[in-house]
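**Student:** My structure is below; once you've seen it, I'll send some questions.
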Amino acid sequence: MAARSNNVGIMLVRLRMSAKRIKRAVLEVDDDALSVDDLEALSRLLPSPEEAERLKAFEGDEAKLAKPDQYFREVSQVPRARTTRTKQES
């Protein structure tokens, strides 16, 4: 799990975008913000159903979450993201 969080952290630094901006770019299909390679990297780092549920239930200050958890929380709100991950794991 720590390696996975580390990988998400590295990706976030490379993209130089907040988790909210990444979610917006995905939802808006903003190819100026995210390249095909970026989207492929993001698709490999989707939250598990358990992670998504845990973060959905979080009621505290989002700013206090670690950056990878902020990313998981935002991207888990993208429609069909979980379905896509489930299909990739099959």
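**Student:** Give the average over all directions of the projected area of the C-alpha convex hull of the range 2-89, one decimal, in nm².
**Tutor:** 5.6 nm²
**Student:** If you don't mind, there's one more thing I want to ask. Given points 7 Å out from each Cα along the Cα-Cβ axis, report the Arg24 to Val78 separation in nanometres with one decimal.
**Tutor:** About 1.5 nm, to one decimal.
**Student:** Related question: With runs of 4+ DSSP H residues as the only contributors, calculate the mean residue ellipticity of the chain at 222 nm using -39,500 (n - 2.57) per run, divided by the residue total and rounded to the nearest 500. Write down the numbers at each step before the final one.
**Tutor:** Values: 6 runs with 58 residues, N = 90.
Theoretical 222 nm ellipticity from helices: -18500 deg cm²/dmol.
**Student:** Based on the mean of other beta carbon atoms within 10 Å per residue, what is the order of 4-11, 25-32, 40-47, 65-72, most packed first?
**Tutor:** Averaged packing, sorted descending, gives the order 65-72, 40-47, 4-11, 25-32.
**Student:** Here's another thing I want to ask about it. Could you work out the relative contact order of the chain, using alpha carbon pairs under 8 angstrom and six or more residues apart, expressed as a whole percent?
**Tutor:** For the chain, the relative contact order is 38 percent.
**Student:** Treat each spin label as a single point 7 Å out from the Cα along the C-beta direction, and report the Ser48 to Asn7 distance in nm.
**Tutor:** With each label placed 7 Å out from Cα toward Cβ, I get 1.3 nm.
Only the coordinates and a few stated rules stand behind these numbers; no lab work does. Just so it is clear, the model here is predicted, and its values are computed rather than measured. In this analysis, Cβ positions are derived from the backbone assuming ideal geometry, glycine residues included, and neighbour counts consider all displayed protein chains.
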